Amino acid sequence: MGKYVPPTVLTNEDLEKRIDTSDEWIRSRTGIEERRIADNETNTSDMAYEAAKEALESANIRPDQLGLILVATVTPDYTFPSVSTMIQERLGAKNAAAMDVSAACAGFIYGVVTAKQFVESGAYEYVLVVGVEKLSKIVDWEDRNTAVLFGDGAGATVVGKVSEGRGILSFELGADGSGGKHLCHKEFIEMNGREVFKFAVRQMGESALSVAEKAGLSKDDVDYLVPHQANIRIMEASRERLGLPVEKMSKSVHKYGNTSAASIPISLTDDLAEGRVKDDDVVVLVGFGGGLTWGALCIKWGK
Ligand code: ACO
C-alpha cells in the first residue's frame, strides 16, 4: 500500500472565516477537523503517481512487472487521456494496460475486485490499483452543505498472488441507479445529505456483514474494519453492526475529510504503518458513493 496527501491543511476554523459554519457544527455532524487541499500545480495524476510509487516500493515490485493499472477517480485531470495512462508513462510501466474506473467513493473497492479477477485468471501477475481525488476542484466553496466535507489525496495498492489461505476471501459489489439524483456532479458536487446518510448507514452495515458471511465467517471473526471515511456517524453505525470495539475501526476522517475513492486506501496505509493491521488479521473494507454504488471486501491480511 502507499498514499499521498497534499501538505496544505484547511481547518474548520479556516472555513469559519469563509462561510457561515462552525467548527462545532462540522465536528459534531461529521467528525471532520481538517482536510488536505492540493495546490493549483498539483492535479489528480500527480497525487496518483506519488501514491503508486510508494505502493510499488512497499510491495517491492518494479513498474515493468505490472500488467494493468486501474485508477478509481471521479476527478481525472482530463476526460482523456485517463489518469491511469498518465501514470503508466510516468512510472515507466511499459508492459501495463491502463484504464480508469468510475464508481465514486466505492471506486477503490471496484478497482481491487476487478484486479482480483485478472490476477486469479492468470492474465496478469500484478495489478496496480489507485484511488485518487482532487475534489477541491469540483466543490462549490460557497456551499456550506458540501464545502466542509471533502478533501484531496491518493492511496494505492499492488494486487498479486499471496500464500494459501491469505488474500481476498470474498467481495460484494452493488449499484442502485435510481438513487443517482441524491449525489451528483454537474458543475459542482450536489448532495441530498439526509438521503445519502440513510442509504449509507443501511448499506455499509449490510455489506460489511454480508461480505463476512460470504467468506464463511461470523462477525466475531472480523478483526478490523476499514469503512469509507465520509462521516464518523456513518462509520460508527457500520462498526456497531459488526460489534467491533472503537479501536478496531480505521479512522482518518478527522485529518483528511472525505477523499472519496482515496479514503479507504489512505486510511489502510496509515493503519499498516502504525501497526493496527497485522498479518492474518481478518479485515473488512466497505465503501459507498455516488451512483449510488457500494462495495465490500473481506481480506485475510498478509502476503
Ligand atoms: N455549517 C452549519 N450549518 C450547516 C452546514 C454547515 N457546514 N451545512 C448544513 N447546515 C445546516 C443546513 O442548512 C440545515 O439547516 P436547516 O435545518 O435550517 O435547513 C441543517 O444544518 C441540517 O442539519 P441536519 O439535518 O441536522 O444535518 P445532518 O445531521 O443531516 O448532517 C450531513 C448533514 C453531515 C451532510 C449528513 O447528512 C451527512 O453526512 N450525509 C451524508 C453525506 C455523505 O456522506 N456524503 C458523501 C457521500 S459519497 C461521496 O463521498 C461522493
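Values quoted throughout were computed directly from the atomic coordinates according to the rules given, and no laboratory measurement underlies them. Fair warning: this is a prediction, and the values are worked out from it, not measured in the lab. Positions of Cβ are backbone-derived with ideal geometry, glycine not excepted, and every protein chain shown enters the neighbour counts.
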> Of all DSSP beta bridges located in the chain, what percent are antiparallel, nearest 5?
Replying inline: 65
>> At a 10 Å Cβ-Cβ cut-off, how would you order TYR4, TYR224, fewest neighbours first?
In response: TYR224, TYR4
> Using a Gaussian network model of the chain with C-alpha springs under 10 Å, which one of SER84, SER218, SER238 is most mobile by mean-square fluctuation?
Replying inline: SER218
> Can you work out D for the range 210-250 in µm² s⁻¹ from Stokes-Einstein, where Rh is the Kirkwood radius over C-alpha pairs, the temperature is 10 °C and the viscosity is 1.306 mPa s?
Replying inline: 151
> What FRET efficiency comes out for the pair VAL282/PHE80, r = Cβ-Cβ distance, R0 = 51 Å, nearest 0.05?
Replying inline: 0.85
>> Given the DSSP H assignment, sum -39500 (n - 2.57) over each helix run of at least 4 residues in the chain and divide by its residue total; what's the result at 222 nm in deg cm²/dmol, nearest 500?
In response: -10500 deg cm²/dmol
> Tell me, what ³J(HN,Hα) does each residue in the range 44-49 have, in order and in whole Hz, if you take phi through Karplus 6.51 cos²θ - 1.76 cosθ + 1.60 with θ = phi - 60° and put x for Gly and Pro?
Replying inline: 4, 5, 5, 5, 4, 4
>> Please report the net charge: other residues with Cβ closer than 9 Å to the Cβ of SER170, K and R +1, D and E -1.
In response: -1
>> Over 10 Å intervals from 0, what percent of Cα-Cα pairs in the range 2-159 sits in each interval?
In response: 11, 38, 29, 15, 6, 0
>> Suppose the chain between GLU164 and SER28 were pulled fully straight at 0.36 nm per residue; how much longer would it get relative to their current alpha carbon spacing?
In response: 44.6 nm
>> Between SER218 and GLU187, what is the label-point separation in nm under the 7 Å Cα-to-beta-carbon projection?
In response: 5.5
>> What distance in nm lies between label points placed 7 Å from Cα along the C-beta direction at ASP143 and GLU195?
In response: 1.3
>> Residues of the range 122-145 with backbone nitrogen within less than 20 Å of a virtual label 7 Å along the Cα-to-Cβ line of ALA273, please, listed as ranges.
In response: 129-135
> Tell me, what is the percent relative contact order of the range 2-159, built from C-alpha pairs under 8 Å that lie six or more residues apart?
Replying inline: 31
>> Highest mean first, how do 155-163, 72-80, 34-42 rank when packing is the count of other Cβ atoms within 10 Å averaged over residues?
In response: 155-163, 72-80, 34-42
